[in-house]
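Take a look at the structure below.
The values are calculated or read from the model by the stated rules, or taken from the named source; none is laboratory data. Just so we're clear, the structure is a prediction, and the values are computed from it rather than from any experiment. Cβ: placed from backbone, ideal geometry, glycine included. Neighbour counts: every protein chain shown. In case anyone asks, the SASA skips ligands and DNA or RNA and just uses the protein heavy atoms, side chains included. Shrake-Rupley method; radii C 1.70, N 1.55, O 1.52, S 1.80 Å.
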Amino acid sequence: SFLYFCIFPFDLSCIFFRFVFPGSELYGVNSPVYFFTEAPAAMLGTFLPFAVCGAVVLRGYRLPRAQRLLVATLLWSNAVYSLNPHKEYRFVLPVLPLALGFAGHALALAFGKEKTEETSSSSSSLAERFLRLCSRHSAAVLSVLLVSNVAAAAFFFQVHQRAPIAVM
């Protein structure tokens, strides 16, 4: 900000723009729980149930320390970004690989050699029952995942991002 002949930190100006003088409201306002309700479903799509199961199911609800830290990082970043009145999917895209890692963990549990602990259906969690159901119907689950993601990729490649791809 030497252009204005004063020193003003960029982070401080962002805080002033977003909270003191609510300039970000000019770009649209969403609900405070947007990053917990709408954004995960839109970003993860068909992988959302697997991401939730992968974050929950590992030795019941007693998660290892590293996995608890990753879940806390996801929740903390969504909570911090929820403070801003203007919300977009691209704000939380940096935590998308963490969520997809949990989805991959659940898929590995459902279809891999490592199975969840076999317990009675009354005492097992909903996530464990979902993974057992997916492992029984593995061909159907993988077909739905493949078809839905290929359809989304075709749409984004052919329609949504046509101009940037044509330039490249």
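Before moving on, here are some points about what is shown:
- Residue match in the stretch 139-160 (condition: more than 19 Å from residue 42 (Cβ to Cβ), at pLDDT 75 or above, outside any helix (DSSP H, G or I) and open to solvent by 40 Å² or more (accessible area, probe 1.4 Å)): no
- When residues of the stretch 1-36 are limited to those that are hydrophobic (A, V, I, L, M, F, W, C), outside any helix (DSSP H, G or I) and modelled with pLDDT under 70, the one nearest to the chain's Cα centre (by Cα): 8
- Taken over the stretch 84-103, the residue count meeting the criterion of being open to solvent by 40 Å² or more (accessible area, probe 1.4 Å) and among the β-branched types (Val, Ile, Thr) is 0.
- Among the residues of the stretch 109-137, those identified as farther than 21 Å from residue 36 by Cβ and either open to solvent by 70 Å² or more (accessible area, probe 1.4 Å) or modelled with pLDDT of 85 or more (or both) are 113, 114, 115, 117, 118, 121, 122, 123, 129, 133, 136, 137.
- So residue 44, is it buried (at least 16 other Cβ atoms within 10 Å of the Cβ), at pLDDT 70 or above and part of a helix (DSSP H, G or I): yes
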